[in-house]
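See below for the structure under consideration.
The values are calculated or read from the model by the stated rules, or taken from the named source; none is laboratory data. Just so we're clear, the structure is a prediction, and the values are computed from it rather than from any experiment. Cβ placement follows ideal geometry from the backbone for every residue including glycine, while neighbour counts extend to all protein chains displayed. These accessible areas exclude ligands, DNA and RNA; they are computed on the full protein's heavy atoms, side chains included. Shrake-Rupley method; radii C 1.70, N 1.55, O 1.52, S 1.80 Å.
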Amino acid sequence: MKPKQCNGKVVSNIKILDNIYEMKLTGDFQGNPGQFYMLRSWGKEPFLSRPLSICNIEGNLLTFLYEVKGKGTDIFSKLREGDVLNLLGPLGTGFPLNNKGKIGVVAGGIGIAPMIYLCKSLKGDIDFYGGFREKSFYMDRIEENIDKLYISTDSGKEGHNGFITDIFNPEEYSVVYTCGPMPMMSKVKNICEGKNVPLYISMEKRMACGVGACLGCSIKTTSGIRRVCKDGPVFRGEEIIFHD
């Protein structure tokens with residue numbers, strides 16, 4: 001499907017945790033799990049639109065889950081019902097959905113956002129591993145689409161006290177999907193490669209244009225320099241070079 005410019009009207013924009021928001025828009029939307037939209041709700045400033053992963057699409061309702069990190073997302077957090085945003089999308093390459101067998105999904109923090117739609121769209125037995133700082137969030141939206149849920153927190157207030165990779169065993173799965181902080185994804189890659197388990201990574205990178213023109217989101221891969229917005233954000237695990 002080709003990306004297009006469109007408008008979306010805010011249905012709800014709810015704070016669900018400190019700096020974490022769920023925004024629902026109504027409009028004419030399409031997209032596959034792992035793809036994203038470039039959004040803006042302002043005129044000239046800030047200059048750049050902001051990329052947000054598709055969290056869910058249901059009918060004419062598009063859901064985003066985002067963390068307030070800077071000026072753009074702070075503006076998003078102040079939007080109210082009836083406000084209008086301009087969107088460009090869907091953009092990027094999504095997750096492959098035709099894998100069979102038992103599936104492992106590993107996500108950390110706001111990296112859970114694209115995995116909600118992924119788990120809803122996959123066919124098969126799915127185990128979800130979610131890593132968080134203080135407490136989990138949004139897990140009630142995912143439980144109906146998975147078989148087992150594993151939680152870890154840095155604080156130890158919920159689930160395993162430590163990293164989610166401490167309790168993740170790739171040998172149980174025929175394929176693994178991951179999104180989250182770079183150190184977590186690097187660890188997932190290493191342990192999957194050690195067990196020869198196929199892995200798909202949704203990379204997170206600052207984006208300027210969203211269409212591959214500016215090269216601002218370039219990363220190193222085994223095939224050379226690739227653009228996260230155009231060539232990704234989903235890559236095969238063996239392609240990604242996390243360290244020099």
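Over the stretch 136-244, accessible surface divided per residue gives 52 Å², non-protein components excluded, 1.4 Å probe. Each label was represented as a point 7 Å from its Cα along the Cα-to-Cβ direction; for Phe242 and Glu144 these points are 3.4 nm apart.
For the stretch 63-134, taking the reciprocal of the average inverse distance between every pair of different Cα atoms yields a Kirkwood hydrodynamic radius of 14.8 Å. FRET efficiency for the Ile167 to Asn60 pair, using the beta carbon distance and R₀ = 45 Å, is estimated at 0.70.
Helix 182-194 and the longest principal axis of the Cα set of the chain meet at an angle near 40°. Comparing mean-square fluctuations of Asp18, Asp147, Asp28 from a GNM of the chain with C-alpha springs under 10 Å, the top value falls on Asp18. For the chain, the 222 nm mean residue ellipticity estimated from helices alone, with every DSSP H stretch of n ≥ 4 adding -39500 (n - 2.57) and the total spread over all residues, rounds to -3500 deg cm²/dmol. Using alpha-carbon pairs under 8 Å, 6+ residues apart, how would you state the relative contact order of the chain in percent? Relative contact order, the chain: 17 percent. Distant-in-sequence amide contacts of Thr93, defined by a placed amide H-H separation under 5 Å and a gap of 5 or more residues or a different chain, comprise Gly232, Val234. The fraction of accessible area contributed by carbon and sulfur in the chain is 48 percent, rounded to a whole number (1.4 Å probe; ligands and nucleic acids excluded).
Give the peptides 114-122, 5-13 in descending order of average Cβ contacts within 10 Å, highest first.
Numbers: 114-122: 23.9, 5-13: 15.8.
For the peptides 114-122, 5-13, the packing ranking is 114-122, 5-13.
Sorting 124-131, 149-156 by their mean Cβ neighbour count within 10 Å, with the most densely packed peptide first, gives 124-131, 149-156. What base-10 log of the normalised intensity I(q)/I(0) is obtained for the stretch 101-167 from the Debye formula, alpha carbons as equal point scatterers, at q = 0.13, 0.25 Å⁻¹? Scattering profile of the stretch 101-167, log10 relative to I(0): -0.31, -1.06.
Peptide packing for 97-103, 179-185, 50-56 was compared via the average number of neighbouring C-beta atoms within 10 Å per residue; ordered from the highest value, the list is 50-56, 179-185, 97-103. Counting every C-alpha pair in the stretch 48-168, the share spaced more than 16 angstrom apart comes to 66%.
Taking the stretch 36-171 as the region of interest, the number of lysine pairs whose Cα atoms are within less than 13 Å, with members eight or more places apart or on different chains, is 4.
The chymotrypsin sites (Phe, Trp or Tyr not before Pro) of the stretch 1-57 meeting both criteria, a DSSP state outside H, G, I, E and B (loop) and at most 13 other C-beta atoms within 10 angstrom of the site's C-beta, are Phe47. Taken per residue, the accessible surface of the stretch 13-101 reaches 46 Å², heavy atoms only and a 1.4 Å probe. The C-alpha radius of gyration of the chain, expressed as a fraction of 2.2 N^0.38 Å, stands at 0.97.
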